[in-house]
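Engineer: Please read through the structure below; I'll follow up with questions.
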Amino acid sequence: MPHGKWQAWFDSHRYNCRVRCLIPILGLISLAWSSLAADVSDRSESTQQGRRDRATAEFPDSGPVGRGRLLLPTVVTLPALDPEALDRMRAEHGSNWLGPTRPLPIDIGGTWAWTQKGKRIWRVTIRATAARALRLRFEDFNVPGAVWLYSDEWRGPLIGPYRGTGPQEDGSFWSEFVLAENVTVEYVPDDEATASEWVPFQIRSVAQIVSERFPVPSERSKAVGVQPRSLAGCHLDVSCYPELQTRDQPSVARLYITDADATTTCTGFLINPKYDSGSHLLLLTAGHCIDSQEVASGVSFLWNYQTEECYGNPDWELWAEPLAYTYGATLVVAKYDRDDDFALLLLNEEDVAEVTGWWAEGWDTAAVHPRAKVFTVSHPSGHFKRAAFGEVVDFRWKDTSSASFGTIQWRLGTTEPGSSGSPVFKGAGKDRFVIGILTGGNGSSLDDESQWGPYCDSDLRSSFNRLDHIWDAIEPYMERESALSAATMAPTVPSRVVVQLGITDETVTLVLAEDGTWWLGGALVRSGETAVRTENGNVYRLALASDGTWTAVYSVERVSVGLGTSSERIILARSEDGRWWLGDAAVQEGTVVSSSNGTKYRLGLLGGRWVAVQVGE
C-alpha cells in the first residue's frame with residue numbers, strides 16, 4: 001500500500017486513505033434504489049438481496065476446549081503506548097488512522113496442557129492495555145487441527161476455527177478482530193496423543209486499535225447522538241434519508257485495512273454487473289486503499305454501521321441489529337496513478353448474506369458535465385454512515401489527469417479521510433446511478449482554525465475517478481462472468497521452479513508432474529509440510545502461495561532447557577541468522593538466567609546442546 005512521503009501526496013490535493021487524505025461522501029437527498037434499464041449498454045440495474053437467518057453455531061466437541069476451564073495460559077503483555085507517539089502517528093496518517101501494528105517477540109512462549117477430558121491444547125494470551133480491539137498476523141500457518149481466538153471473558157464471541165494453511169491457503173493471514181484488550185490463541189491438535197510440543201504457526205505481529213472511531217461493545221453513548229443544527233450541515237446522518245441507505249440492505253461498507261504499519265479505514269460499495277454471478281459480489285473502492293491481493297486478503301468489511309433512526313443513538317450495542325462483518329476479498333483489477341485510482345474486488349455473496357442483506361448499485365458510463373447535481377454516502381473518518389450533496393464544478397487537480405478525474409463542490413454535508421472509495425451518485429429516486437469513485441480533496445489547503453474546520457469549509461472540494469474513464473479496465477468483469485472467473489483463477493505455473501532458501505545462497509529446484517503434483521528429487525512436495533535443511537543447519541518449509549509461487553519459510557528452531565535439577569524449563573529459539581533468543585533477549589554461552597525463586601543459572605553448549613548450570617557449581 002502506498003504510504004510514507006505523505007507530504008508530497010498532501011500537496012497534490014488527492015485523497016490517500018492509507019496516509020493523510022480527504023474524501024467525499026453521499027448526498028442528502030431522499031433517493032430510492034436505482035433500477036435502470038438492463039438493455040442499455042452503459043447502464044446496469046441495481047439488485048438487492050434480503051437478509052438470511054444466521055446459523056447459530058454450537059461447539060460441543062469441535063470448539064475450543066480450554067476456555068474458562070484451565071489455569072490461565074502464558075500472558076504476553078505489550079508495553080503501554082506513549083501518548084506523544086500516538087499523537088505523532090495520528091498526525092502522520094490522518095483521521096482515518098485507527099491504530100498501530102506492533103511486532104511480537106520471536107518466541108511468545110505458550111503453555112501446553114491436558115484437559116480433564118483428555119484433550120491436549122496449547123494456549124497463549126496477548127494483552128495490549130487500553131486496546132479497543134486486536135487482530136493477529138499469522139505466518140508459517142500449517143495446522144493439523146484447529147486454532148481459535150477469544151477474549152478472556154466467557155461471554156465474548158469465538159473466532160475461528162482456522163485450519164490447514166489458513167483462509168487464503170497460503171500460510172499467512174490477518175485474523176478477524178477480537179473486541180477486547182486481550183486475545184487468547186488456542187491450538188487444538190487433531191491427534192493430541194501424538195502431537196509434539198512444536199506449534200505449527202508463528203504469530204508475528206498484532207494490530208492494536210486505539211481510535212475511538214472503532215465501535216466496541218463495552219462503551220455506552222449518550223441517548224442522543226448528533227443534531228443537524230449543532231453541526232451546521234457538516235455531518236448528515238444517512239438515516240435521515242432512508243432511501244439512500246438502509247441497515248437491512250446496505251450497499252456501502254466501511255473497510256478496515258491492516259498492513260505492517262497501521263490499520264486505516266476507507267469506504268467501498270457494491271456495484272451490479274450485467275450478469276447474475278450467483279455466489280459472488282463485486283465491490284469498488286479507491287486504488288490507494290487496496291492495490292494488491294495481499295492487502296485485499298486481510299480487509300475487514302463492516303456492512304451496517306449506521307444509526308437506526310435519524311440522528312439516533314450512535315451506540316451500536318443498543319441497536320436492534322448487530323454489526324455485520326465479513327473478511328477477505330479477491331482483487332480483480334486495480335490502478336493507482338495520475339490517471340486512475342480504483343480497485344475492483346470480488347466478495348463471496350454467501351458470506352455477506354449470512355450476516356446481512358445487501359444492495360448492488362446501478363451505474364452509468366455517460367460523461368458527467370459541470371453543474372450536474374451529485375451526492376455520496378460514506379464513512380468519514382471511520383464514523384457511521386453520513387451523506388453529502390454537491391455539484392460537479394471545473395477544477396484542475398495538481399499532478400492528475402483532468403480527463404479521468406472530476407471535482408465536486410459540496411453544498412450540504414462533507415467528506416473526510418475514510419471516505420475514499422465511496423460512490424458518487426447522479427440522479428434521484430429510481431433513476432439513481434453511480435458515475436464515479438471518491439478519491440481526494442482540498443481540505444489540506446483549508447484553514448484548520450476556521451469556524452467549522454477544514455472538512456466543513458464552504459470551499460471544500462473533492463475529486464472523483466470518473467466511471468466512464470475506468471470503464472475500459474473494468475468492462476470485461478462487468479459484462480462477462482467468464483472474464484471474472486479467468487481473472488481470479490490461479491495463474492499457469494512453470495514446470496520447474498528454483499526456490500531460494502531464505503538468507504542463504506542455497507536453492508532447491510521443484511519439478512511439476514503431469515498430475516499437478518510437485519517433486520523435489522524423488523520426494524513428493526507438500527506445501528507447508530516438506531522441510532529442507534541447509535548446510536548451516538537452518539530448516540525451511542516449502543510453501544505454495546495462492547498466486548502459484550513457491551517460497552521457503554524459515555522454521556524457528558526451539559529447544560527446551562532445564563534449569564539445573566529444578567523442575568523449571570526455558571525455551572530458546574534460534575533465528576535465521578543463527579543467533580539464539582530467550583524471549584526478545586539475545587542469548588549466548590555464558591548468559592545468566594534466573595529461575596522463579598531467584599536461583600541463577602549459566603547457559604552453555606555441551607555436545608552441541610544447550611544446558612543450564614547453577615552459578616557456583
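The values are calculated or read from the model by the stated rules, or taken from the named source; none is laboratory data. Since we're looking at a predicted model, the values are computed, not measured. Cβ placement follows ideal geometry from the backbone for every residue including glycine, while neighbour counts extend to all protein chains displayed. Keep in mind that these areas ignore ligands, DNA and RNA; they rest on the heavy atoms of the full protein, side chains included. Shrake-Rupley method; radii C 1.70, N 1.55, O 1.52, S 1.80 Å.
Engineer: Quick check: from the Cα gyration tensor, does the range 498-617 come out rounded (a/c under 1.5), prolate or oblate?
Structural biologist: Cα axes put the range 498-617 in the prolate bin.
Engineer: Which value, in Å² rounded to 10, gives the accessible area of S292 with a 1.4 Å probe and all protein chains present?
Structural biologist: Spelled out: S292, probe radius 1.4 Å, area about 40 Å².
Engineer: What list of ³J(HN,Hα) couplings, whole Hz, do you get for the range 537-549 from phi and the Karplus terms 6.51, -1.76, 1.60, once you set θ to phi - 60° and write x for glycine and proline?
Structural biologist: My calculation for the range 537-549 gives x, 5, 10, 10, 9, 7, 10, 9, 7, 5, 8, x, 9 Hz in order.
Engineer: What list of ³J(HN,Hα) couplings, whole Hz, do you get for the range 560-569 from phi and the Karplus terms 6.51, -1.76, 1.60, once you set θ to phi - 60° and write x for glycine and proline?
Structural biologist: 9, 10, x, 8, x, 8, 6, 8, 7, 9
Engineer: What list of ³J(HN,Hα) couplings, whole Hz, do you get for the range 97-112 from phi and the Karplus terms 6.51, -1.76, 1.60, once you set θ to phi - 60° and write x for glycine and proline?
Structural biologist: 6, 10, x, x, 9, 10, x, 10, x, 4, 10, 8, x, x, 10, 8
Engineer: With unit charges on the beta carbons (Lys and Arg positive, Asp and Glu negative) and the dipole taken about the Cα centre of the range 248-345, which residue among L344, Y327, C266 sits farthest to the positive side?
Structural biologist: Selected residue: L344.
Engineer: Along the Cα→Cβ direction, 7 angstrom out, place labels at V75 and N536. What is the inter-label distance in nm?
Structural biologist: 3.8
Engineer: For the range 103-181, what is the charge dipole size about the Cα centre, in debye to the nearest 20, if Lys and Arg each add +1 at the Cβ and Asp and Glu each add -1 at the Cβ?
Structural biologist: Computed about the Cα centre, the dipole is about 380 debye.
Engineer: Between L412 and T599, how many nm apart are label points set 7 Å from Cα along the C-beta direction?
Structural biologist: Calculated label separation equals 7.8 nm.
Engineer: Would you please give the residues with an amide H less than 5 Å from that of G110, counting only those at least 5 places away or on a separate chain, with H modeled from the backbone geometry?
Structural biologist: T74
Engineer: For a test of the definition: using alpha carbon positions, the gyration tensor, and the 1.5 limit on a/c, classify the range 309-412 as rounded, prolate or oblate.
Structural biologist: The shape class here is oblate.
Engineer: Give the calculated FRET efficiency between C310 and T129 to the nearest 0.05, with a Förster radius of 45 Å applied to their Cβ-Cβ distance.
Structural biologist: Step by step, r from the Cβ atoms, then E = 0.75.
Engineer: What length, rounded to one decimal in nm, is gained on full extension from D248 through to E139, with 0.36 nm per residue of separation minus their alpha-carbon distance?
Structural biologist: Net length gain for the segment: 35.6 nm.
Engineer: Starting from the Cα gyration tensor of the range 73-190, take the square roots of the eigenvalues, sort them a ≥ b ≥ c, and report rounded, prolate or oblate (rounded when a/c is under 1.5, otherwise prolate if a/b is larger than b/c, else oblate).
Structural biologist: Because a/c hits 1.5 or more and a/b exceeds b/c, the range 73-190 counts as prolate.
Engineer: Moving to a separate point now. So if I place +1 on the C-beta of Lys and Arg and -1 on the C-beta of Asp and Glu, and nothing else carries charge, what would the dipole magnitude of the range 509-569 be about its Cα centre? I want it in debye, nearest 20.
Structural biologist: 260
Engineer: If you don't mind, another one. I need the calculated FRET efficiency for the pair S279 and V611, taking r as the beta carbon distance and R₀ as 41 Å, to the nearest 0.05.
Structural biologist: Between S279 and V611 the formula returns 0.10.
Engineer: Can you tell me the accessible area per residue over the range 384-437, all protein chains present, probe 1.4 angstrom, in square angstrom?
Structural biologist: Heavy-atom accessible area per residue stands at 30 Å².
Engineer: Using a Förster radius of 56 Å, what is the FRET efficiency between E576 and E350 based on their Cβ-Cβ separation? Nearest 0.05, please.
Structural biologist: E between E576 and E350, to the nearest 0.05, is 0.90.
Engineer: Ranking request for peptides 546-553, 421-428: highest mean number of other beta-carbon atoms within 10 Å first, then the rest in descending order.
Structural biologist: By packing density, highest mean first, the sequence is 421-428, 546-553.
Engineer: Using a 1.4 Å probe and counting only protein heavy atoms, arrange K373, K335 so the residue with the most accessible area comes first.
Structural biologist: These residues rank, largest area first, as K373, K335.
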